[in-house]
Amino acid sequence: MRVKRYIRKGVPFEHRARVWMGVSGAQAQMERNPGYYHQLLQGERNNSLEEAIRTDMNRTFPDNVKFRRSADPCLQKTLYNVLLAYGHHNQGVGYCQGMNFIAGYLILITKNEEESFWLLDALVGRILPDYYSPEMLGLKTDQEVLGELVRTKLPAVAALMDGHGVLWTLVVSRWFICLFVDILPVETVLRIWDCLFNEGSKIIFRVALTLIKQHQAFILEATSFADICEKFKEITKGSFVTECHTFMQKIFSEPGSLPMTTITRLRESCRAKLLVQG
Amino acid sequence: MGNGTEEDYNFVFKVVLIGESGVGKTNLLSRFTRNEFSHDSRTTIGVEFSTRTVMLGTAAVKAQIWDTAGLERYRAITSAYYRGAVGALLVFDLTKHHTYAVVERWLKELYDHAEATIVVMLVGNKSDLTQAREVPSDEARMFAENNGLLFLETSALDSTNVELAFETVLKEIFAKVSKQRQNSTRTNAITLGSAQAGQEPGPGEKRACCISL
């Protein structure tokens with residue numbers, strides 16, 4: 001309980017890698033499997049996997065000097081290795097766009113290729129329920145779960161979305177797929193990830209609900225489909241999200257009670273509905 | 001074709017950009033809507049859209065252009081994006097044959113989810129990279145003709161044909177809509193120009209001017 005409180009207050013930058021490795025179980029996995037990461041890199045070649053990853057190399061944080069092709073040392077090689085190893089390790093997932101941004105952040109924080117791999121495994125393999133596999137069923141499910149939570153907690157917003165036929169996937173898919181990378185300010189994302197590694201995927205709903213609730217009146221001004229999409233982009237900007245300390249306090253108070261049993265129940269019913277729809 | 005103001009328009013046409021990852025969809029869109037090109041634009045995740053209002057004759061047409069992620073598995077969530085689309089640019093990279101080889105699969109995907117009357121243009125992008133060409137123009141043009149598609153080669157980098165590509169698709173849609181209007185004035189079955197500023201119907205709704213071509 002004490003750990004949780006400390007982590008919610010923000011992990012100091014210099015301890016972040018160690019804390020993430022510890023609380024997520026990545027450290028334990030790494031110690032149980034010495035040499036495994038390097039074996040993966042020597043694994044049998046998979047052309048389509050390599051091509052898919054290569055296509056995104058220049059398209060991952062192009063504004064960050066360390067990720068430029070010309071940088072020395074160049075993090076593109078590190079990024080490529082982490083993603084390739086992960087594709088070999090979890091063949092059911094392989095590579096999915098979005099993982100490049102997540103791995104990029106992990107590399108910047110840990111400054112260590114192998115640790116980044118194990119943290120990526122903690123996220124994709126355990127913490128996030130099936131977001132990146134070819135059917136993306138876990139992602140589709142969680143988008144619907146968010147829709148249901150909004151319907152209960154912020155019915156006016158749900159009614160607006162329904163009225164204009166805006167599907168949740170249109171406005172929030174990037175939130176889930178990139179775990180707020182490139183959507184919220186860096187420091188805010190890192191604070192969210194502190195809790196994500198420690199408390200699990202529920203935190204994503206807390207962030208999403210807080211963003212929507214805080215800007216409810218603003219969203220409700222929208223009068224068209226395009227307007228709504230635009231508002232959802234706007235609400236991830238400004239001082240509300242930049243002041244990460246206040247923001248993190250808000251995510252634990254604004255959305256109100258959000259028991260895991262509710263999330264689990266909603267995930268089950270939304271998933272069943274999606275499977276029926278095919 | 002000139003720029004109209006954003007608020008004033010008679011029609012909204014939803015156009016989707018589809019094709020493999022890395023063929024240049026996002027840059028085609030930014031070239032057309034903002035006259036911008038970026039060598040290292042970011043991987044598109046999910047869907048993005050931009051608009052530009054253009055004049056076709058005396059009518060102001062607002063093009064609402066949707067840009068989608070190209071990676072195959074994203075089709076699991078992008079199929080909804082086709083709904084209500086009246087035009088599509090199916091883009092391949094003419095320096096990468098494998099992006100052209102899968103065009104047929106993209107067409108099927110499109111026809112499975114969009115209206116059968118959708119106006120489709122096959123676009124071979126990156127025509128500035130002449131040395132690296134892997135797809136002959138004639139081959140792609142032939143494929144387009146045989147499948148009833150419009151065809152152009154573009155370069156989002158040096159702007160070649162970008163304006164023309166979008167313009168051609170929009171004009172073709174407009175021609176279909178105008179014909180539809182003439183045919184339906186007597187029966188009054190179809191209300192055109194219903195998309196007034198501030199009451200733009202969502203693409204999910206049945207919008208006569210856009211859907212019943």
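What follows draws every value from the coordinates through simple rules; no lab data is involved. Only a predicted model underlies this, so the values are computations on that prediction, with no experimental measurement involved. Here the Cβ positions follow ideal geometry from the backbone for every residue, glycine too, while neighbour counts run over all protein chains shown.
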_Placed amide H near B:VAL91: partners under 5 Å, 5+ positions off or other chain_ = B:ILE18, B:GLY19, B:VAL123
*Given labels modelled 7 Å from the Cα in the Cβ direction, how far is it in nm from B:ALA76 to A:GLU268?*
2.2 nm
*Non-local amide H neighbours of B:TRP66 (under 5 Å, H modeled in plane, Pro and chain starts lacking H): which ones?*
B:VAL15, B:VAL16, B:LEU17
_Dipole axis of the stretch A:137-277 (+1 Lys, Arg; -1 Asp, Glu on Cβ), positive-most option in A:ALA217, A:SER239, A:LEU167_ = A:LEU167
*Note down the nm distance, to one decimal, between modelled labels 7 Å out along Cα→Cβ at A:ALA159 and at A:PHE252.*
3.4 nm
*Can you bin the stretch A:16-56 into rounded, prolate or oblate? Criterion: square roots of the alpha carbon gyration tensor eigenvalues sorted a ≥ b ≥ c, rounded for a/c under 1.5, prolate for a/b above b/c, oblate for the rest.*
oblate
*Taking chain A and dividing mean pair separation by its residue count, relative contact order in percent (alpha carbons under 8 Å, at least six apart)*: 19 percent
*To the nearest 0.05, how large is the calculated FRET efficiency for A:ARG2 and A:ARG126 if R₀ is 41 Å and r is the Cβ-Cβ distance?*
0.95
*Counting only other chains, what is the mean number of Cβ atoms within 10 angstrom of the Cβ of each residue in peptide A:222-229?*
5
*Specify whether the C-alpha gyration tensor of the stretch B:11-179 places it in the rounded, prolate or oblate class, a ≥ b ≥ c being the square roots of the eigenvalues: rounded for a/c under 1.5, otherwise prolate if a/b is larger than b/c and oblate if not.*
rounded
*Would you mind calculating the relative contact order of the stretch B:11-179 from Cα pairs under 8 angstrom and at least 6 residues apart, reporting the percent as a whole number?*
25 percent
*How many lysine pairs in the stretch A:137-277, separated by 8 or more positions in sequence or lying on different chains, have Cα atoms less than 27 Å apart?*
29
*asked:* Using a Förster radius of 35 Å, what is the FRET efficiency between A:ALA28 and B:ARG105 based on their Cβ-Cβ separation? Nearest 0.05, please.
replied: 0.25
*Efficiency of FRET between B:ASP40 and B:ARG133 - r from beta-carbon atoms, R0 30 angstrom, step 0.05*: 0.85
*Classify the protein assembly as shown: rounded, prolate or oblate, from the alpha-carbon gyration tensor (a ≥ b ≥ c, eigenvalue square roots; a/c under 1.5 rounded; otherwise prolate if a/b is larger than b/c)?*
oblate
*State the extension gain, in nm to one decimal, for the chain segment bounded by B:HIS97 and B:ASN146, taking 0.36 nm per residue of separation less the distance between their alpha-carbons.*
15.7 nm
